[in-house]
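Peer 1: Before I ask anything, here is the structure I am working with.
The values are calculated or read from the model by the stated rules, or taken from the named source; none is laboratory data. A quick note: this is a predicted structure, and the numbers were derived from the prediction, not measured. Every residue, glycine among them, receives a Cβ derived from its backbone with ideal geometry; neighbour counts consider all protein chains shown.
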Amino acid sequence: MNFNATLFGQLLAFVFFVWFTMQYVWPYILEALEEREKEISDGLEAASRGKRELDEAHLKKAEILEAAKKEAADLVNQANARANQLVEDAKSSAHEEAERIKVSAQSDLDQAAKRTKEELRSEVAALAVAGAEKLLGSEIDKDKNSQIIDQIAQEL
Amino acid sequence: MASKELNSTDYIEHHLTNLTYGKCPDGTWSFAEVHGKSQVAGTEASCNISEMGFWAFQVDTLFMSVLLGMGMIFFMRRVAKNASSSKPSRVQNAVEYLVTLVRDQVQDNFTADKNPLMGPLALTIFVWVFLMNLMDLIPIDLVPWIVNGFAAPNAEGGAIHYFKVLPVADINAPMGMALGVLILIHYYSIKNKGLGGFLAELTFQPYGKWMAPINVIFEIPGFYAKQLALGLRLYGNLFAGEMIFILIALFFGGFFSSVTGVLAGVAGLALNFIWAVFHILVVILQAFLFMVLTLVYLQQAHEHH
């Protein structure tokens with residue numbers, strides 16, 4: 001238990017070891033440590049960000065799904081309406097066509113009846129004239145009596 | 001394990017004597033002479049330890065502390081060189097745990113501006129002191145027995161008759177480190193506060209400048225006592241621990257000679273075990289204390305009042 005030069009030997013060794021640690025040990029280990037701490041905190045932050053984004057994506061997905069459903073329903077409704085419309089149109093145009101055909105058939109019919117009437121009338125006139133000729137035994141001047149014949153034909 | 005030829009007093013004295021190499025009054029350098037013969041077989045010793053005075057080196061203290069220190073820095077250097085942030089090895093994990101512990105202590109106790117010396121200083125102190133303290137757990141006769149050529153300390157055939165394996169039980173080792181801390185405290189005090197500020201802190205507190213003489217009486221002893229105590233605390237704790245181990249070892253003295261010797265030896269084993277377990281705590285605690293107190297004192301050297 002006596003102080004001697006060992007004290008300074010120990011002091012020198014102490015200084016050397018501290019210097020060595022400061023120069024060649026501490027910075028390297030601390031660097032690795034801090035780098036990893038940073039990586040971990042970055043990773044955690046990225047994970048929480050990813051989670052947040054996932055939640056947002058879920059919300060967005062629901063929204064899009066909702067919109068798509070609505071759109072699809074609209075489309076179906078529109079299609080239904082359009083189909084009804086088409087059926088309706090087809091019905092009305094068929095109706096019109098039928099009407100038109102009916103009308104034209106009617107007019108044909110009317111014309112044919114008229115024509116037949118005319119023919120019948122002229123034939124009756126001719127017959128009447130022929131009958132009268134036979135009765136009178138002479139020829140009737142058609143030109144003189146055409147007024148009478150026409151009058152008769154008119155009265156038929 | 002104690003040699004039968006030695007009595008208790010000699011045994012204790014033997015374990016408290018360092019292997020010393022120094023300058024004798026007649027100007028020659030040699031190992032010290034103890035009980036009429038040199039500490040190292042085959043060398044001439046011309047004086048004993050107390051005659052050497054200041055110019056003497058405790059070879060065992062220096063050897064063990066430098067050996068442990070070298071082991072420490074080579075180990076640390078290897079880990080530091082291969083340090084990777086993404087794939088740490090197991091050893092790196094262990095060292096990182098230690099570095100984190102020290103870094104947290106530095107951040108807790110040293111609140112002054114970042115001083116790049118503090119971390120490495122604290123780490124060196126903690127690990128080195130821990131390793132040196134740990135030598136206390138080596139069976140006290142083992143290393144002396146080995147360096148003496150596997151022979152009892154006083155046997156004729158041995159080579160080195162004296163060897164203390166625990167460097168901190170020699171006052172020079174802890175006080176040498178405390179001296180380093182003392183120098184740092186003075187350096188940073190003067191650097192941060194100026195010589196005037198440093199002296200003012202010692203003279204103008206606590207009672208103001210008109211009471212300077214009284215302040216000095218209070219402050220100077222307090223200022224130096226804490227720095228002295230830094231080394232003495234470590235020395236005292238480990239020296240006392242070593243002393244208890246030596247005393248317990250006396251139980252083994254008659255192990256092979258009688259029935260009571262055997263009984264005493266068994267009791268000694270139990271005591272030795274209990275004391276060693278308790279000592280694990282002391283070993284770590286004292287290393288930790290030395291580190292924390294160094295940081296606290298250096299923090300005070302950075303503080304402005």
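Peer 1: Is there a residue being in contact with a Pro (Cβ under 9 Å, 6 or more places away or on another chain), of a type in the set (F, W, Y) and more than 7 Å from chain A (Cβ to nearest Cβ) anywhere in the stretch B:90-98?
Peer 2: No; the residues of the stretch B:90-98 include none that is in contact with a Pro (Cβ under 9 Å, 6 or more places away or on another chain), of a type in the set (F, W, Y) and more than 7 Å from chain A (Cβ to nearest Cβ).
Peer 1: Could you identify the single residue in B:L131, B:L202 that is under 19 Å from B:M64 (Cα atoms) and either in contact (Cβ under 8 Å) with a residue 12 or more places away in the chain or of a type in the set (V, I, T) (or both)?
Peer 2: B:L131
Peer 1: Restricting attention to the stretch B:50-66, and to residues there that are within 14 Å of B:V34 (Cβ to Cβ) and either more than 20 Å from the chain's Cα centre (by Cα) or of a type in the set (F, W, Y) (or both), which single residue is surrounded by the most Cβ atoms within 10 Å (Cβ to Cβ)?
Peer 2: Among those residues, the one meeting the criterion is B:M52.
Peer 1: May I pose another question? Give A:A73, A:A47 a once-over and let me know the one that is farther than 30 Å from B:Q92 by Cβ, in a helix (DSSP H, G or I) and among the hydrophobic types (A, V, I, L, M, F, W, C).
Peer 2: The unique qualifying residue is A:A73.
Peer 1: In this structure, is B:N237 more than 18 Å from the chain's Cα centre (by Cα) and crowded, with 18+ Cβ neighbours inside 10 Å?
Peer 2: When the stated conditions are applied, B:N237 does not pass them.
Peer 1: Additional query: Checking B:L134 against (1) over 30 Å from B:Y188 (Cα atoms); (2) within 11 Å of chain A (Cβ to nearest Cβ), which test does it fail?
Peer 2: (2)
Peer 1: Among (1) surrounded by 19 or more Cβ atoms within 10 Å (Cβ to Cβ); (2) over 21 Å from B:Y21 (Cα atoms); (3) within 14 Å of chain A (Cβ to nearest Cβ); (4) modelled with pLDDT under 90, there is one condition B:D104 misses while meeting the rest; what is its number?
Peer 2: It fails just one condition, (1).
Peer 1: Also, I was wondering about something else. Before we move on, is A:S104 of a type in the set (S, T, Y), surrounded by fewer than 11 Cβ atoms within 10 Å (Cβ to Cβ) and either in a helix (DSSP H, G or I) or at pLDDT below 85 (or both)?
Peer 2: In short, yes.
Peer 1: Looking at B:T111 and the list (1) away from chain A (no Cβ under 11 Å); (2) among the β-branched types (V, I, T); (3) outside any loop (DSSP other than H, G, I, E, B), which single condition is not satisfied?
Peer 2: B:T111 satisfies all of (1) away from chain A (no Cβ under 11 Å); (2) among the β-branched types (V, I, T); (3) outside any loop (DSSP other than H, G, I, E, B) except (3).
Peer 1: On the basis of being at the interface with another protein chain (Cβ under 7 Å from one of its Cβ atoms), of a type in the set (S, T, N, Q) and either free of Cβ contacts under 8 Å to residues at least 60 places away in the same chain or surrounded by fewer than 21 Cβ atoms within 10 Å (Cβ to Cβ) (or both), does B:S84 make the cut?
Peer 2: The answer is yes for B:S84.
Peer 1: How many residues are facing another protein chain (nearest Cβ under 7 Å) and either under 16 Å from B:F163 (Cα atoms) or aliphatic (A, V, I, L, M) (or both) if we restrict to the stretch B:53-71?
Peer 2: Final tally of qualifying residues: 7.
Peer 1: Right, next: Of the conditions (1) of a type outside the set (G, A, S); (2) part of a helix (DSSP H, G or I); (3) under 25 Å from B:G149 (Cβ atoms); (4) out of contact with any helix residue (DSSP H, G or I) (no Cβ under 9 Å at 6 or more places or on another chain), B:Y11 satisfies every one except a single condition; which number is it?
Peer 2: It fails just one condition, (4).
Peer 1: Given A:F16, A:F20, which one is within 7 Å of another protein chain (Cβ to nearest Cβ) and closer than 30 Å to B:S85 by Cβ?
Peer 2: Answer to the selection: A:F20.
Peer 1: Take A:T6 and tell me if it is modelled with pLDDT under 95 and under 21 Å from B:V79 (Cβ atoms).
Peer 2: no
Peer 1: Related question: Please go through the stretch B:59-98 and give me each residue that is among the small types (G, A, S) and assigned to a helix (DSSP H, G or I), ordered by number.
Peer 2: B:S65, B:G69, B:G71, B:A80, B:A94
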